[in-house]
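Accompanying notes for the structure given below.
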Amino acid sequence: MITLFIALWMLWAPLNGEEPSAPLPPRHLRGKTLKTEFLTQIEYAHKITWNPSDDPTVVGYKLRRNGLLIATLLATDPAEYIDHQRPKKGVDVYALTAVNIEGVESEPVIRKVK
């Protein structure tokens, strides 16, 4: 129940009239392509990993691919995400932000994955 509350708060946290400060961003965003073969099927996925933010107010992370939000993760989740069904060729740009208890996002850290 607490996890659900934190997730909802992260998405809709109201501002209390003061300009809240942005949290410290996550560090060392990495990405690599994974290839999975099963019989005649081949799937490509991108494994995105990072080091969590050092900011104690961070409750989660938002991951965007090519500008579109693809995942909202809790700070207690593992610091990784697997983005399935990616094309064999092409480049995706991932941006990861930390989100604090007030719903404020950090500056993004960015990584291109081929």
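The values are calculated or read from the model by the stated rules, or taken from the named source; none is laboratory data. Owing to the predicted nature of the structure, the values given are computational and were not obtained by experimental measurement. Because the Cβ atoms are built from the backbone with ideal geometry, glycine has one as well, and the counts that use them run over all protein chains shown.
Residues are listed down the side, and each one gets a yes or a no for (1) over 18 Å from Lys114 (Cα atoms); (2) in a strand (DSSP E or B); (3) touching a Gly at 6+ places or on another chain (Cβ under 9 Å):
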site	(1), (2), (3)
Glu37	yes, yes, no
Ile48	no, yes, yes
Arg64	no, yes, no
Leu69	yes, yes, no
Thr72	yes, yes, yes
Thr76	yes, no, yes
Lys89	no, no, no
Tyr94	no, yes, yes
Val99	yes, yes, yes
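Can you tell me which residue is surrounded by the most Cβ atoms within 10 Å (Cβ to Cβ) among those in the stretch 89-110 that are of a type in the set (Gly, Ala, Ser) and on the phi < 0 side of the Ramachandran plot?
Here the residue is Ala98.
Go through the stretch 27-83 and give me each residue that's touching a residue at least 60 places away in the same chain (Cβ under 8 Å) and of a type in the set (Val, Ile, Thr).
Matches in the stretch 27-83: Thr33, Ile48, Thr72, Thr76.
How about the stretch 32-59: which of its residues are at positive phi and crowded, with 16+ Cβ neighbours inside 10 Å?
Residues satisfying the conditions do not exist here.
Being at pLDDT 95 or above, outside any strand (DSSP E or B), within 20 Å of the chain's Cα centre (by Cα) and surrounded by 14 or more Cβ atoms within 10 Å (Cβ to Cβ) narrows it down to one of Leu29, Leu24, so name that one.
The unique qualifying residue is Leu24.
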